[in-house]
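Engineer: Questions regarding the structure given below will be posed in turn.
The values are calculated or read from the model by the stated rules, or taken from the named source; none is laboratory data. This one's a predicted model, so the numbers in the text were calculated from it and none came from an experiment. Cβ sites come from the backbone with ideal geometry, for glycine too, and all protein chains shown count toward neighbours.
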Amino acid sequence: MVIKNILVPYEGSPLSKKALDLARDIARNFTADLTILMVIPVYYPINDSIFAGAAVTNYQDIVKTLKLQGEKELEKVVEKCREGGTKTSYKIVNDDVSNAILKQAKKFKTDMIIMGSRRLTGISSLKRLGSTARHVSEHAECPVTIVH
């Protein structure tokens, strides 16, 4: 199997950091390109509400702030990967998380997706796979490695 492009969905959780560590090692061993994807989840305001206009305006401000925070974090992460000898880039999108991962994997001609199993806490963390990991693993056109 030839691996040229690896995609890592990343949001800063311990499992996404663990997935990134694995992806970095694999990318280094295969001299593959590594793309780190941060997805800001989509929020759908109720259109017929009297608050919809304010919600959309506030949401756009929130997305802008989250993108700026994400860029700061990802620039540090990318630099660390590059220092280790891995060709690394990042992308931030505002979309449905599962679908964004699948779309970007197709766009980047990804050979492998490496991601954390879940981001849940409390009683929900008893599940082995979160809904995003499950959806991606069931619909991806490339192998998916899920880190627990």
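Engineer: Check the range 28-44 and report whether any residue there is modelled with pLDDT of 85 or more, over 19 Å from MET115 (Cβ atoms) and more than 13 Å from the chain's Cα centre (by Cα).
Structural biologist: Within the range 28-44 (the criterion being modelled with pLDDT of 85 or more, over 19 Å from MET115 (Cβ atoms) and more than 13 Å from the chain's Cα centre (by Cα)), the answer is yes, since at least one residue qualifies.
Engineer: TYR59 passes all but one of (1) part of a helix (DSSP H, G or I); (2) at pLDDT 95 or above; which number fails?
Structural biologist: Among (1) part of a helix (DSSP H, G or I); (2) at pLDDT 95 or above, TYR59 violates only (2).
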